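The values are calculated or read from the model by the stated rules, or taken from the named source; none is laboratory data. Please read all numbers here as calculations on a predicted model, not as lab measurements. For neighbour counting, all protein chains shown are included, and Cβ atoms are generated from backbone atoms with ideal geometry for every residue, glycine included.
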Amino acid sequence: MLFNNIHHVAIICSDYELSKSFYVDTLGLKVVNEIYREDRDSYKLDLEVGGVYQIELFSFPNPPERPSTPEAQGLRHLAFEVDDVEEVKRELEGRGVNVEDVKIDPVTVKKFTFFKDPDKLPLEIYEK
């Protein structure tokens, strides 16, 4: 096998403080490291999911918007594995996050659903 696993996913946001609050305060991801890169006028926030460093949140001046969702070229969505989709859906909704109705994957017969981050990046919760 050429690869061991996926090391991280990088996300570029339009409003750093809003997105940082969403991923850290609303979703509860742990901050591993945060730096400001003056030469790029950019923040880089490393976030941990389930005890593993997995997400890099970047800010850049005036990033272009995503052309459309969910079928634009590039990253389609980021999926978080959860033990109980219904429970996590209720928890997210209690934190003010709009979550779609739960669906069943016809191949795996697992529950899943989607919600969006402040930049409308589609995020998924998928049953373990």
>> What's the total number of residues in the stretch 21-56 that are in contact with a helix residue (DSSP H, G or I) (Cβ under 6 Å, 6 or more places away or on another chain) and at pLDDT below 95?
In response: 0
> Do you know which residues across the stretch 21-49 are within 16 Å of PRO61 (Cα to Cα) and either surrounded by 14 or more Cβ atoms within 10 Å (Cβ to Cβ) or touching a Gly at 6+ places or on another chain (Cβ under 6 Å) (or both)?
Replying inline: SER42, TYR43, LYS44, LEU45
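Matching residues to (1) more than 30 Å from ASN4 (Cβ to Cβ); (2) touching a Ser or Thr at 6+ places or on another chain (Cβ under 7 Å); (3) of a type outside the set (A, V, I, L, M):
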| residue | (1), (2), (3) |
| --- | --- |
| ASP39 | yes, no, yes |
| SER42 | no, yes, yes |
| VAL49 | no, no, no |
| LEU78 | no, no, no |
| VAL85 | no, yes, no |
| ASN98 | yes, no, yes |
| ASP117 | no, yes, yes |
>> Within the stretch 17-113, considering only strands (runs of 3 or more DSSP E) that don't extend past its boundaries, which have at least 2 residues that are of a type in the set (Asp, Glu) and not assigned by TED's automatic domain parsing to the domain that holds TYR126?
In response: 42-49
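Would you check which residues across the stretch 92-128 are of a type in the set (Ser, Thr, Tyr) and either under 26 Å from PHE60 (Cα atoms) or out of contact with any strand residue (DSSP E or B) (no Cβ under 7 Å at 6 or more places or on another chain) (or both) and list them?
Of all residues in the stretch 92-128, those of a type in the set (Ser, Thr, Tyr) come to 108, 113, 126.
THR108 - this is the single residue of the stretch 92-128 that is of a type in the set (Ser, Thr, Tyr) and either under 26 Å from PHE60 (Cα atoms) or out of contact with any strand residue (DSSP E or B) (no Cβ under 7 Å at 6 or more places or on another chain) (or both).
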> What are the residue pairs meeting all of these: first residue in the stretch 24-51, first residue touching a residue at least 40 places away in the same chain (Cβ under 8 Å), second residue of a type in the set (A, V, I, L, M, F, W, C), Cβ atoms under 7 Å, and 6 or more apart or on different chains?
Replying inline: THR26/VAL97
